[in-house]
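Please read the structure below before turning to the comments.
The values are calculated or read from the model by the stated rules, or taken from the named source; none is laboratory data. Every value quoted in this text rests on a predicted model; they were computed, and no experiment measured them. No Cβ is skipped: glycine too gets one built from the backbone with ideal geometry, and neighbour counts run over all protein chains shown. Areas reflect the complete protein model, heavy atoms only, side chains present, ligands, DNA and RNA absent. Shrake-Rupley method; radii C 1.70, N 1.55, O 1.52, S 1.80 Å.
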Amino acid sequence: MKLDYLDQLESEAIHIMREVAGQFERPALLFSGGKDSITLVHLALKAFRPGKFPFPLVHIDTGHNFQEALDYRDNLAERIGEKLIVRYVEDTIREKKLKEPTGRNATRNGLQTFTLLDTIEEFEFDACIGGARRDEEKARAKERVFSVRDEFGSWDPKRQRPELWNLYNGRIHKGENVRVFPISNWTELDVWNYIRREKIELPSIYFAHERELLIRDGKLMATAGGVIKPEADDQLVTRRVRFRTVGDISCTAASESQADTLDAVIDEIQATRISERGETRMDDQLSEAAMEDRKKGGYF
Amino acid sequence: MDLLRFITAGSVDDGKSTLIGRLLYDSKSILADQLEAIERASKSRDDGEIDLALLTDGLRSEREQGITIDVAYRYFQTPKRKFIIVDAPGHIQYTRNMVTGASNCQLAIVLVDARHGVAEQTRRHSLIASLLGIPHIVVAINKMDLVGYSQNVFSDICIQYAELAKKLNVHQVTYIPMSALNGDNVVDRSETMPWYEGQTLLEHLETVVIDDDVNGETEDHHPGRFPVQYVIRPQTAELHDYRGYAGKITSGIFRKGDAITVLPSGETSTIDAIEIAETQLDEAVTPMSVVLHLATDVDISRGDLIVRSDIQPISSQTVEAMLCWMDTKEFKVGNKYVLQVGTSRTRCSVRAIAYQLNINTYEEIEGVDSLKLNDLAKVVLRTAQPISFDPYQKNRATGGAILIDETSNVTVGALMLVGEA
């Protein structure tokens, strides 16, 4: 009997989650309503049922989320009967008098880090499970499964702990926390294949639908909720699109697509010549080290 | 489809990053936007040629210095197999990172520069591959373009390496002449080396038999081992008596009805049920994460090891181990650390350093009383509680352990357990 690679990846992820449960006092699972964190919740069900999760789901809401993802989030938490904590970037901006980025292509994505660090302090989380994958970005390819962060949430690539065999060392000092990435070794396609195999339901925006968008710098940006204000040279269009990632509206582009089923989406992803972040995430393209720099600042 | 994890090792200038770049590029695993990004970055350099190595150096300081500092992981697949590439740095000061990267791999590619033959780094990386029990070694003799694609150069290096391999615990060695820069024998067969009739690197990676996770045929070598991670106890009205032991089978097979022993207590029971997410199974194998239920009430918590009673591991408070020291603080006789094996942690003290291993000559140096960063040695430890393990060379899953510094909490050592001292 030999395990298929999806079974191997699943088993590895469950093992990592149980290490979190076994090693930490106050863990959390960061949940955004996107496919990667939805996969994490599904893996947590496999890791801990019929028991309760040993952690709450935590959503750092930028205030610029797709309504479909928010509805999905609330329904899911209710259906599985687990605790959901939501903290709002909006509140952090008001309380800390943060300066919001302005101008064309302004995004609150970077401000999320402030709310995340405050939330970690508020609940004294010592471990935060996240859905980051090493195939997403070259700085993430360097990150350990257990990523120790200092009290500022900062990642220091030169001070990473050796990570040997399947032994994870989560010992930390008070104030530090560990970011844990159970699906580090999964690729985008693995996540989709797993979602299909496990029949996991996804928010509707992952599938082709008609939507009003504006074309900016060659990218199709959603006008939903008025987050992005059309400018004079922006062209408003209605297109049949789907989203390949579901992030903050201000920095997540849509892809033109006819794929309205899981099979069709997977076919498209297999055929594409553009990476997930390259296609959809505006914030990674600001510089060659954009992700690395954000992670040093405490971002996931 | 199955999964092969392999590590690439080689000196700084042996062309390791170029090889990975070539493997991804020729197997069409680089997406258009990623290629554009490295084209842009290459243009800002002197020669303007596409530098495939840029694909792998993910950190700012790596790009600044043009070297790989830390392990990176890359993923690709062909119709035949999925691959995880562990891209380990070649610099001597990063030996610990190579150990980190190698610990989970089934195959190691050791790059050799055809102009220089077997070098210090080749010896060091081969030693690490051997200590870490990597079953397959590929000696990639690279830069054949710089030695006129000479068959004699290739043969000489094969002979040199075979001599070296005799001193090590490596069994399956494959030699491939290549030019990563030009793509000879990486994915596509070389037209300039018609004398080479073996497989290309990718063909080899796609077809090499991975046997260290296979359990059925080699049960003797892979006895049933299950470190308990977490106890699932819902304690609800309808599941009042539910008590499941959650963990991952790190070795062997467990079947319903098997007689088991719990270590360190030594209590025995039988397996009543095996579950994955409440689905019942009759048997489960490595590396499945499952929940075990036992027929009798036994006191079990995280850190305990459930084993099949037929083949028991060693349980001891004094152990001998090969150590790769990974910290800048010295390792000294008399020092205390936390030792983690499986899910169990116990304090330990250093009894002795039996010998230090010269990583270039493989000589055993006796009379050493402290170790520095990246040193390899055989050591004797005394643990506060007995630990249960198998010799690493027989069973990687239960013979690997780490040392943790109690004050900094950092992982400071990798241990390959040898036996009772």
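Here are a few things to note about the model shown:
- Accessible area per residue for the stretch A:204-285 is 42 Å², calculated with a 1.4 Å probe on protein heavy atoms, without ligands, DNA or RNA.
- Estimated FRET transfer efficiency (B:H116, B:S315; beta-carbon r; R0 60 Å; 0.05): 0.80
- Relative contact order for chain A, counting Cα pairs under 8 Å that sit 6 or more residues apart, in percent: 20 percent
- Take every DSSP beta bridge whose two residues both sit in the protein assembly as shown; close to 75 percent of them are antiparallel.
- Among B:G342, B:G367, B:G303, the largest mean-square fluctuation in a Gaussian network model of chain B, built with springs joining Cα atoms closer than 10 Å, belongs to B:G367.
- Fraction in percent of alpha-carbon pairs per bin - 10 Å, the stretch A:190-275: 16, 48, 27, 8, 1
- When you filter the chymotrypsin sites (Phe, Trp or Tyr not before Pro) in the stretch B:241-290 for DSSP loop state and at most 15 other Cβ atoms inside 10 Å of their Cβ, you are left with B:Y242.
- DSSP-assigned coil residues among trypsin sites (Lys or Arg not before Pro) in the stretch A:175-220, each with at most 13 further Cβ atoms within 10 Å: A:K199
- Taking the accessible area of the protein assembly as shown, probe 1.4 Å, and keeping the other protein chains in place, the carbon and sulfur fraction comes to 47%.
- In plain terms, the bigger the Kirkwood radius, the slower the diffusion; for the stretch B:225-308, with that radius from Cα pairs, at 37 °C and 0.692 mPa s, Stokes-Einstein puts D at 261 µm²/s.
- Kirkwood Rh (inverse of mean 1/r, distinct Cα pairs), the stretch B:73-177, angstrom: 14.4 Å
- Tensor-based shape of the protein assembly as shown (alpha-carbon gyration tensor, a/c under 1.5 rounded, otherwise prolate or oblate): oblate
- Between the stretch A:208-226 and the stretch A:1-72, the Cα center-to-center distance that results, in Å: 30 Å
- Taking every protein chain into account, the accessible area of the stretch B:314-420 amounts to 37 square angstrom per residue (probe 1.4 Å).
- Interface B:A - total buried accessible surface [probe 1.4 Å, Å², rounded to 100]: 6100 Å²
- Viscosity 0.692 mPa s, temperature 37 °C, Stokes-Einstein D of the stretch A:1-89 from Kirkwood C-alpha radius, µm²/s: 235 µm²/s
- The stretch A:204-285: relative contact order in percent, alpha carbon pairs under 8 Å with at least 6 residues between: 31 percent
- Rounded to the nearest 20, the size of the Cβ-charge dipole of the stretch B:314-420 about its Cα centre is 340 debye, with Lys and Arg at +1 and Asp and Glu at -1.
- When the Cα atoms of the stretch B:314-420 are aligned to their principal axes, the ranges along those axes come out at 33, 33, 20 Å in descending order.
- The value obtained for chain B, namely the Cα convex hull volume divided by the number of residues, is 168 Å³ per residue.
- Gyration tensor (alpha-carbon) shape descriptor, the stretch A:96-188, a/c threshold 1.5: oblate
- The value of relative contact order for chain B, using C-alpha pairs under 8 Å at least six residues apart, is 12 percent.
- Considering only B:A295, B:A237, B:A108, the mean-square fluctuation computed in a Gaussian network model of chain B, springs between alpha carbons under 10 angstrom, is largest for B:A237.
- Sites listed here are GluC sites (Glu not before Pro) in the stretch B:361-421 whose DSSP assignment is loop and whose Cβ has at most 16 other Cβ atoms within 10 Å: B:E363, B:E366, B:E406.
- For the peptides A:227-235, B:258-266, B:394-402, the ranking by packing is B:394-402, B:258-266, A:227-235, with the highest mean count of neighbouring Cβ atoms within 10 Å listed first.
- Per-residue mean of C-beta atoms belonging to partner chains within 10 Å, peptide B:401-409: 3
- Interatomic Cα distance distribution for the stretch B:287-351, bins of 10 angstrom, percent: 13, 40, 27, 16, 4
- Computed from label points 7 Å out along Cα-Cβ, the spacing between B:E406 and B:K332 is 1.5 nm.
- Flagged links, alpha-carbon separation over 27 Å, of B:K16/B:K329; B:K143/B:K394; A:K158/B:K332; A:K158/B:K82; A:K138/B:K82; A:K35/B:K248: B:K16/B:K329; B:K143/B:K394; A:K158/B:K82
- Euclidean distance of C-alpha centroids, the stretch B:18-35 and the stretch B:114-181, integer Å: 24 Å
- Rg then Dmax, both in Å and based on the Cα atoms of the stretch A:122-281: 18.9, 56.
- Per-residue [θ]222 nm for chain B (sum of -39500 (n - 2.57) over DSSP H runs n ≥ 4, rounded to 500): -5000 deg cm²/dmol
- Whole-Å semi-axes of the stretch A:46-160's equivalent ellipsoid (Cα gyration tensor): 24, 22, 15
- Spin-label pair A:K99/B:Y242, simplified geometry with 7 Å Cα→Cβ offset, distance in nm: 5.4 nm
- Listed residues A:Q23, A:Q270, A:Q112, most fluctuating in chain A (Gaussian network, C-alpha, under 10 Å): A:Q270
- Legend: mean number of C-beta atoms from other chains within 10 angstrom of residue C-beta atoms, peptide B:28-36, equals 4.
- Within chain A, the proportion of C-alpha pairs whose separation exceeds 36 Å stands at 13%.
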